[in-house]
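Trainee: Shown below is the structure under consideration.
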Amino acid sequence: MAISVKLEVFEGPLDLLLHLIDKNKVDIYDIPIVEITEQYLDYIRQMEESDMNVMSEFLVMAATLLDIKCRMLLPKEVNEEGEEEDPRAELVQKLLEYKMYKYMSFELRDRQVDAERNLYREQHLPEEVASYRQPVNYEELVGDMTLNKLHEIFKSVVRKQEDKIDPIRSQYGNIEKDEIDMDVKMLYVEAYAKEHGRFSFRQLLEKQSSRMEIIVTFLIILELMKTGKITIVQENIFDDIIITARQSDKASA
């Protein structure tokens, strides 16, 4: 007559491995992979679970244990830093993570059980107690405060608010963007150069109506000088800059 053996129910292969490690009282960082693998395979042989999806998880872990067992028999691999790699390292990391989550689930379950034991009652106060308001002693509240002191406090608060105001930015109004067409301005400067032939740079800038027009005109002068359509001469430092249009451009004008 066969002896019936009742197996414990485990939530997964990692749960079974943790059970075997605790049962054998071994260090999780130094798992005797041969012994644990044999016990794990013995459990697999005794399982009567008909659900192949569950069985497949245990079989995958069994294959993993056998792979680690084979790698333990071979010379240890060396990583890029020259250190020997432990074939059990990845499995140990998974076991530690699973153990942490398992204990966290136990803690949450205990808290849920404790929470079910707490009963709360709605607040109910007698009407005379709920409507009670503590009397206010205005003389004690005001103390030695006078109108002059209140006025001084008010002026100090106003001064602090005024100190926070930026004396420069607060004077700004609405800042509007100057819309200047670069192509139109280029045609204007080229026409001006062809018309005058030789002229002062200062004279050209004085004809501009805004700071943005001066900047754009300056950039256009640099571009015309780069393309060789004008030449620029300054005899001495800080002297006025004289601009001369090329003769071919002047003749075409």
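Trainee: With a/c under 1.5 counting as rounded, go ahead and sort segment 14-126 into rounded, prolate or oblate using the C-alpha gyration tensor (a ≥ b ≥ c being the square roots of the eigenvalues; past the cut-off, prolate if a/b is larger than b/c, else oblate).
Mentor: In terms of gyration-tensor shape, prolate.
Trainee: Now a separate question. Which of the lysines could be linked to residue 160 by a straight reach, that is with a Cα gap under 21 Å, when you skip same-chain ones fewer than 8 residues away?
Mentor: Cα-Cα hits under 21 Å: 149.
Trainee: Let me ask something additional. Classify segment 182-252: rounded, prolate or oblate, from the alpha-carbon gyration tensor (a ≥ b ≥ c, eigenvalue square roots; a/c under 1.5 rounded; otherwise prolate if a/b is larger than b/c)?
Mentor: Since a/c reaches 1.5 but b/c is at least a/b, the shape of segment 182-252 is classed as oblate.
Trainee: Taking 7 Å along the Cα-to-C-beta vector as the label spot, tell me the residue 128-residue 162 distance in nanometres, rounded to one decimal.
Mentor: Simple spin-label model gives 5.7 nm for this pair.
Trainee: While we're looking at this one, here's another question. If you plug each phi of segment 197-213 into the Karplus form 6.51 cos²θ - 1.76 cosθ + 1.60 with θ = phi - 60°, what whole-Hz ³J(HN,Hα) values come out, in order, with x for Gly and Pro?
Mentor: x, 10, 7, 8, 5, 4, 4, 5, 5, 5, 7, 8, 9, 8, 5, 5, 5
Trainee: Need the full-extension length gain, residue 45 to residue 71, defined as separation in residues times 0.36 nm minus the C-alpha distance. One decimal, nm.
Mentor: 7.0 nm
Rule-based calculations on the coordinates, nothing more; no lab input. What you see is a predicted model; the values in this text were computed from it and never measured. Cβ coordinates were reconstructed from backbone atoms using ideal geometry, including for glycine residues, and neighbour counts include every protein chain displayed.
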